[in-house]
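Q: Dumping the structure here so I can ask a few things about it.
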Amino acid sequence: MKNELDSKFLLQVFEKIRTNGDKKEDQYHLNGIVAYTDLDGYTLFIEDKNCKLQFGFHNQYHFDYETNDHFHTFEKKLKQIDKEYGAD
């Protein structure tokens, strides 16, 4: 199954997690989601306990999860963060 999430949406949610989340070392935690970047800041990572998203240069991304339910739960969490924390 190919999963498609809007790049602008992903960047927006990442920023909301970074702005509103609790920083623990180099990671930000918000509503069960963890967000962080690689050392150079070009690759973003957004994950929960069952699904991992790697989002990088030229809007390329890769999901890692075992079941479609894991992906859908992850997607709902991202949409909830976007809704709950409104416009930046």
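Nothing in this text is a laboratory measurement; each read-out follows from the coordinates by a stated rule. None of these values were measured; they are calculated from a predicted model. FYI the Cβ positions are ideal-geometry reconstructions off the backbone, even for glycines, and counts take in every protein chain you see.
Q: Given only helices, namely DSSP H runs of n ≥ 4 each adding -39500 (n - 2.57), what is the per-residue ellipticity at 222 nm of the chain, to the nearest 500 deg cm²/dmol?
A: One gets -11500 deg cm²/dmol as the mean residue ellipticity at 222 nm.
Q: Taking trypsin sites (Lys or Arg not before Pro) as exposed when DSSP calls them loop (any state but H, G, I, E, B) and at most 16 other Cβ atoms lie within 10 Å, what is the longest stretch of the chain free of them, the sites themselves excluded?
A: 3-48
Q: Moving on to the next point. For a test of the definition: using alpha carbon positions, the gyration tensor, and the 1.5 limit on a/c, classify the range 45-88 as rounded, prolate or oblate.
A: Taking the square roots of the gyration eigenvalues as a ≥ b ≥ c, the range 45-88 is oblate.
Q: DSSP loop (so not H, G, I, E, B), at most 12 other Cβ within 10 Å: list which GluC sites (Glu not before Pro) in the range 19-88 pass both filters.
A: Answer by residue number: E25, E66.
Q: Quick check: from the Cα gyration tensor, does the chain come out rounded (a/c under 1.5), prolate or oblate?
A: It is rounded, given that a/c, with a ≥ b ≥ c, falls under 1.5.
Q: Also, I was wondering about something else. What lysines sit close enough to K52 to cross-link, taking a C-alpha to C-alpha distance under 17 Å and skipping anything fewer than 8 places away on the same chain?
A: Cross-link targets: K2, K76, K77, K79.
Q: Say a paramagnetic label sat at a point 7 Å from the Cα of E15, along Cα to Cβ; which residues of the range 43-58 have their backbone N under 18 Å from it?
A: Label zone hits: 43-46, 55-58.
Q: So which chymotrypsin sites (Phe, Trp or Tyr not before Pro) in the range 7-82 are both in a DSSP loop and have at most 14 other Cβ atoms within 10 Å of their Cβ?
A: Qualifying residues, ordered by number: Y42.
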